[in-house]
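Trainee: This is the structure I have questions about; it appears just below.
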Amino acid sequence: MIQHVGEAIVLRVWPFQEADLLVSLFTREQGRVKGVARHAMRSRRRFGGALEPMTHVRATYAERPKQELVRLDAFEILSSPLSTPVDYARTAALQFLAEVVEEALPEGAVEDAVFRLVVAVLEEMQVGRVWLPLTYFALWMCRLMGWMPELGHCVVCGLDLRGGTVWYSGTSDGVTCSDDRRAGSMALSAVSVAAAQRIFRGTVGALAKEDWPKGRGVDLRRFAVETLERHLERRLASARALGRA
């Protein structure tokens, strides 16, 4: 049996057998793992409120040879989404983070850059200012997964699109100019393309100081979400919830 102690983010929790809980964890050192929290539904002594989704914890767990599930022993809360106010938009945004990480990363794939991204975004995602962190996260997940197209040139004719509107399709790679746009393509404005470039150059902490209401960058968020969904080959339930926020 191998003992582990390290940072992790709780993604999902399910009832498992009698009083146990099955927990999906995104760990910094081992990537995404699943484990069993024994008797967690009866006793809060070892876990307390640390099993809430998107809680950043220091996890103590044991890995057994030839067993897929680890044994979760204790969690120490490093930061909790419940330590600050929660409303519908923030709840949906936190669910979006958890769903994307759960679906995008295979079990056991170590992704330190993604871990650092999630922790940084969680710090900025507060009631009344979820839209910039959400957009930042979605765009950076596309880039870190290798799914982000180059926005400066038409993938068909090679035309330089910098400073202008680009067109993208939810079913095809790359962006195009207006003349080469595919059937059903959507426009991504020059303002939003410039915002994407700023996001890739800046930190979420610095950018979150700006006023970023829900109406700002709507086309950019839609582009990022549709890019994620196309490569994940599934619709994101949390993205639909965000649309109602």
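The values are calculated or read from the model by the stated rules, or taken from the named source; none is laboratory data. Since the model is a prediction, treat every value here as computed from it, not as a measurement. Every residue, glycine as well, gets a Cβ built from its backbone with ideal geometry; the counts of neighbours run over all protein chains shown. When the accessible area is computed, the model is the full protein with side chains, heavy atoms only, and any ligands, DNA or RNA have been set aside. Shrake-Rupley method; radii C 1.70, N 1.55, O 1.52, S 1.80 Å.
Trainee: Within the range 46-61, can you find the residues that are open to solvent by less than 30 Å² (accessible area, probe 1.4 Å) and not in a loop (DSSP other than H, G, I, E, B)?
Mentor: Of everything in the range 46-61, those that are open to solvent by less than 30 Å² (accessible area, probe 1.4 Å) and not in a loop (DSSP other than H, G, I, E, B) turn out to be 56, 57, 59, 61.
Trainee: Which residues, counting only those in the range 62-105, are part of a loop (DSSP other than H, G, I, E, B), at pLDDT below 95 and in contact with a Lys or Arg (Cβ under 9 Å, 6 or more places away or on another chain)?
Mentor: Passing the criteria: 64, 68, 69, 84.
Trainee: Let me ask something else. Any chance the range 217-232 includes a residue that's at pLDDT 95 or above and in a loop (DSSP other than H, G, I, E, B)?
Mentor: Taking every residue of the range 217-232 in turn, none turns out to be at pLDDT 95 or above and in a loop (DSSP other than H, G, I, E, B).
Trainee: State all residues of the range 186-245 that are touching an Asp or Glu at 6+ places or on another chain (Cβ under 8 Å) and without any contact (Cβ under 8 Å) to a residue 24 or more places away in the chain; if no residue qualifies, say none. Before the answer, list the steps.
Mentor: Pass one, the range 186-245, residues touching an Asp or Glu at 6+ places or on another chain (Cβ under 8 Å): 186-189, 192, 204-205, 208, 232, 234-239.
Residue satisfying the conditions is 235 alone.
Trainee: A follow-up question, please. Just wondering, is there one or more residues in the range 73-88 that are under 21 Å from residue 37 (Cβ atoms), touching a His at 6+ places or on another chain (Cβ under 6 Å) and in contact (Cβ under 8 Å) with a residue 12 or more places away in the chain?
Mentor: There is at least one residue in the range 73-88 that is under 21 Å from residue 37 (Cβ atoms), touching a His at 6+ places or on another chain (Cβ under 6 Å) and in contact (Cβ under 8 Å) with a residue 12 or more places away in the chain.
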